[in-house]
1. Collect the residues in the stretch 163-184 that are within 23 Å of residue 69 (Cα to Cα) and of a type outside the set (S, T, N, Q), keeping them in residue-number order.
2. Scan the stretch 125-135 and tell me whether some residue there is modelled with pLDDT of 90 or more, part of a strand (DSSP E or B) and open to solvent by 90 Å² or more (accessible area, probe 1.4 Å).
3. Return the pairs, sorted by first residue and then second, in which the second residue is among the hydrophobic types (A, V, I, L, M, F, W, C) and open to solvent by 70 Å² or more (accessible area, probe 1.4 Å), the first residue lies in the stretch 158-182 and is more than 17 Å from residue 137 (Cβ to Cβ) and assigned to a strand (DSSP E or B), the beta carbons are less than 6 Å apart, and the residues are 6+ apart or on different chains.
4. Could you pull out the residue among 138, 94 that is assigned to a strand (DSSP E or B), surrounded by fewer than 20 Cβ atoms within 10 Å (Cβ to Cβ), touching a residue at least 40 places away in the same chain (Cβ under 8 Å) and among the acidic types (Asp, Glu)?
5. Quickly run through the stretch 111-124 and pick out the residues that are open to solvent by less than 10 Å² (accessible area, probe 1.4 Å) and among the β-branched types (Val, Ile, Thr).
6. Looking only at the stretch 14-67, which residues are part of a strand (DSSP E or B) and within 29 Å of residue 98 (Cα to Cα)?
7. Among the residues of the stretch 69-84, are any in contact (Cβ under 8 Å) with a residue 40 or more places away in the chain, within 29 Å of residue 142 (Cα to Cα), out of contact with any Ser or Thr (no Cβ under 9 Å at 6 or more places or on another chain) and of a type outside the set (A, V, I, L, M)?
8. Among the residues in the stretch 68-78, are any farther than 30 Å from residue 115 by Cα and either hydroxyl-bearing (Ser, Thr, Tyr) or under 23 Å from the mean Cα position of the chain (by Cα) (or both)?
Amino acid sequence: DQSDRPVLVENQIGNGKVWMLTVGDYWGNDSLEDLGKVICRRLADEHKGNIYFTGDTAETDTHIYTGKGYVRAVILNTDWTSDGNAKRITLNTENLKMQLRVFEGKMKHILIKNDFAIGFDVPSAVVDNLNVREDSVEFDVQGYGVLKLDISSNKTVNNVVGAEYNKADNIVTADMGERWSKNRVKMIFNKYTANSTFLSSGD
């Protein structure tokens, strides 16, 4: 107002409400930094959706896209304070918690479908044509050199064709050779998983 005090106006819009805050400084001014942080934190907590990132997310840029029958989550580490620094970040979905390391200047893509997620660094690797079934997952991987792909699933992997799988770290390693190439990878799940219910023969 004319005395430099902020003015908050509430209006009814349909069945909801909208608030307009009028302040004496432009948005981005240091005097509004604390207020901006409070607003952004509250909006992020209340409206984070079914897929979101937690952990060391300061100085990262994140986006969630839908299409092609799966969700693509993207996170970029924009922390330039030290070369090659790695942020430990968790991707959260309704049924998965995927631990990731996102390196400085690298963009991590994660494809999510039917309680299965696969993460890869761009531009080092490209993963597409993700096909998730009850008993297996198939996808195309493109790139060169040795590619390491992060995997998250509630099912136990029994066998992998077209790549190597480190069960302890949930990492699929694909050796693509010295030139850019493409390979189809198939992951076969155990018939019975840890979440299965077993009945005795007497039942």
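1. 172, 182, 184
2. Quick first cut of the stretch 125-135, residues modelled with pLDDT of 90 or more only: 125-135.
Still in the running and part of a strand (DSSP E or B): 125-132.
So of that shortlist, the ones also open to solvent by 90 Å² or more (accessible area, probe 1.4 Å) come out as none.
No: zero hits.
3. Taking only residues 6 or more apart or on different chains, the pairs are 175/146.
4. After ruling out the rest, the residue left standing is 138.
5. Of everything in the stretch 111-124, just one residue is open to solvent by less than 10 Å² (accessible area, probe 1.4 Å) and among the β-branched types (Val, Ile, Thr), namely 118.
6. Once the filter is applied, which keeps residues that are part of a strand (DSSP E or B) and within 29 Å of residue 98 (Cα to Cα), the stretch 14-67 yields 52, 53, 54, 55, 60, 61, 62, 63, 64, 65, 66, 67.
7. Taking every residue of the stretch 69-84 in turn, at least one turns out to be in contact (Cβ under 8 Å) with a residue 40 or more places away in the chain, within 29 Å of residue 142 (Cα to Cα), out of contact with any Ser or Thr (no Cβ under 9 Å at 6 or more places or on another chain) and of a type outside the set (A, V, I, L, M).
8. The answer is no; no qualifying residue exists.
The values are calculated or read from the model by the stated rules, or taken from the named source; none is laboratory data. Everything numeric in this text was worked out from a predicted model, so none of it was measured. So basically every Cβ, Gly included, is an ideal-geometry build from the backbone, and we count neighbours across all protein chains shown. When the accessible area is computed, the model is the full protein with side chains, heavy atoms only, and any ligands, DNA or RNA have been set aside. Shrake-Rupley method; radii C 1.70, N 1.55, O 1.52, S 1.80 Å.
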